[in-house]
Amino acid sequence: MKIDHDFHIHTALSICANGHDTALEGYFERAKATGITKLGFANHFWDSNIPCTVCPEFYLPQNFEHLSKLLCELDGVDGFEFYFGCEGEYDPVRRDVGISEEIAEKFDYIIVPNSHTHMTLDGAYYDDLSRQKEILLQAFGDIVNSKVSKYIKAIAHPFEVVGYSVEKHRELYDTITDDEFCRVFDMAAERGIAYEINFDMMMWKTRDEVAALPTVRLYRLAKECGCKFIFGSDAHGYEGYRDYAPACEFMADLLGLKEDDISALAK
Ligand SMILES: [Zn+2]
Ligand SMILES: [Zn+2]
């Protein structure tokens, strides 16, 4: 299946993109060359209206005013459909998302990960798979049941722990049963919150390695549960971006995805 969208692009407005090649023209050129016509920008975000409980030094500068600078940067550029989004954050203290309704409605779409546990979980528990499992399942459930859930269009890199290797992910997933995954995937399907297939896991890998990724089990379960899918590069720069569309198309075909399996946002 042809993939013509990317709803998870970071620009220089994301602090962690510092040091990467983030010129928008670099993205545009590569997107054009591979048939990506819908570009969704999802820079990291925490809403200043909500007390910041997760890495304030990282999130406080990345407020709405800061992210809005993108709109000026995109002004006058044509040839693409642009979407002004954000990658919000899970707030483990309020057990909700760090975005108020007042601000949520200003975005074209919002994605939220359950798996930024390098920030939401005490570092002492980072290698503790039972603690990871507990917070990942809890966060997923809390995000789909958030007060702003109607604005959330996808769970970003579900259960993909920042900094975990492929093998560490496999170990983690071995501790979670199909039923435990399906309990939260069913809720996402019911709320119309898509499952993001994130290119970061596939980047710099051969097709055989991609087909053997432990996340493939999760994609298949999400599909069985009736979740819709959306693709996102999670690019923090355009290095490696040329393989984004081909890799996503490979995965879509491996999973047997059809147009109907794709989130309405990407149509
Ligand atoms: Zn993320
Ligand atoms: Zn991201």
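Looking only at residues that are within 15 Å of ligand 1 (Cβ to nearest atom) and outside any strand (DSSP E or B) in region 1-19, which one is surrounded by the most Cβ atoms within 10 Å (Cβ to Cβ)?
The first filter runs over region 1-19 and keeps only residues within 15 Å of ligand 1 (Cβ to nearest atom), leaving 6-11, 13-17.
Checking which are outside any strand (DSSP E or B) leaves us with 10-11, 13-17.
Numbers: HIS10: 21, THR11: 22, LEU13: 20, SER14: 24, ILE15: 15, CYS16: 12, ALA17: 18.
My answer is SER14.
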| task | Name every residue in region 154-169 that is in contact with a Leu (Cβ under 9 Å, 6 or more places away or on another chain) and away from ligand 1 (no atom under 16 Å from the Cβ), in order of residue number. | result | VAL166, LYS168
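Anything in region 70-93 that is charged (D, E, K, R) and over 21 Å from the mean Cα position of the chain (by Cα)? List them, or say none. Show your work before the answer.
So the first thing to find is which residues in region 70-93 are charged (D, E, K, R), and the list is 73, 75, 78, 81, 87, 89, 91.
Correct list: GLU73, ASP75, ASP78.
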| request: For residues that are within 11 Å of ligand 2 (Cβ to nearest atom) and not small (Gly, Ala, Ser), scanning just region 41-55, find the one that is farthest from the chain's Cα centre (by Cα). | output: PHE45
| remark: Within region 53-91, the residues that are crowded, with 18+ Cβ neighbours inside 10 Å and closer than 23 Å to ASP122 by Cβ are TYR59, GLN62, GLU87, GLY88, GLU89, TYR90, ASP91
| Qualifying positions in region 66-103 - within 21 Å of ALA156 (Cα to Cα) and of a type in the set (Phe, Trp, Tyr) | PHE82, TYR83, PHE84, TYR90
| Looking at (1) among the small types (Gly, Ala, Ser); (2) out of contact with any helix residue (DSSP H, G or I) (no Cβ under 9 Å at 6 or more places or on another chain); (3) farther than 22 Å from GLU224 by Cα, which is the only condition ALA156 fails? | (3)
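Looking only at region 40-56, filter to residues that are more than 16 Å from ligand 1 (Cβ to nearest atom) and not hydroxyl-bearing (Ser, Thr, Tyr); which one of those is nearest to GLY88 (Cα to Cα)? Spell out the reasoning first.
First pass over region 40-56, keeping only residues more than 16 Å from ligand 1 (Cβ to nearest atom): 47-53, 56.
Checking the rest, the ones that are also not hydroxyl-bearing (Ser, Thr, Tyr) come to 47, 49-52, 56.
Values: ASP47: 8, ASN49: 13, ILE50: 12, PRO51: 14, CYS52: 12, PRO56: 13 Å.
Result: ASP47.
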| Can you tell me which residue in region 20-50 is farthest from TYR238 (Cα to Cα), limited to those that are in a helix (DSSP H, G or I) and not small (Gly, Ala, Ser)? | LYS32
| Hits in region 98-123 (condition: within 15 Å of ligand 2 (Cβ to nearest atom) and either outside any loop (DSSP other than H, G, I, E, B) or without any contact (Cβ under 8 Å) to a residue 12 or more places away in the chain (or both)) | TYR109, ILE110, ILE111, VAL112, PRO113, THR117, HIS118, MET119, THR120
| Residues satisfying the stated conditions in region 142-180, i.e. farther than 16 Å from LEU213 by Cβ and buried (at least 16 other Cβ atoms within 10 Å of the Cβ) | ASP142, ILE143, VAL144, SER146, VAL148, SER149, TYR151, ILE152, LYS153, ALA154, ILE155, ALA156
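Do we have VAL148 as among the aliphatic types (A, V, I, L, M) and either in contact with a Lys or Arg (Cβ under 7 Å, 6 or more places away or on another chain) or within 16 Å of ligand 2 (Cβ to nearest atom) (or both) here? Don't jump to the end; show me each part of the working.
Working: among the aliphatic types (A, V, I, L, M): yes; either in contact with a Lys or Arg (Cβ under 7 Å, 6 or more places away or on another chain) or within 16 Å of ligand 2 (Cβ to nearest atom) (or both): no.
For VAL148, the condition - among the aliphatic types (A, V, I, L, M) and either in contact with a Lys or Arg (Cβ under 7 Å, 6 or more places away or on another chain) or within 16 Å of ligand 2 (Cβ to nearest atom) (or both) - is not met.
Read-outs: derived from the displayed coordinates by stated rules, not from any lab. Keep in mind it's a predicted model, so treat the numbers as computed, not measured. Positions of Cβ are backbone-derived with ideal geometry, glycine not excepted, and every protein chain shown enters the neighbour counts.
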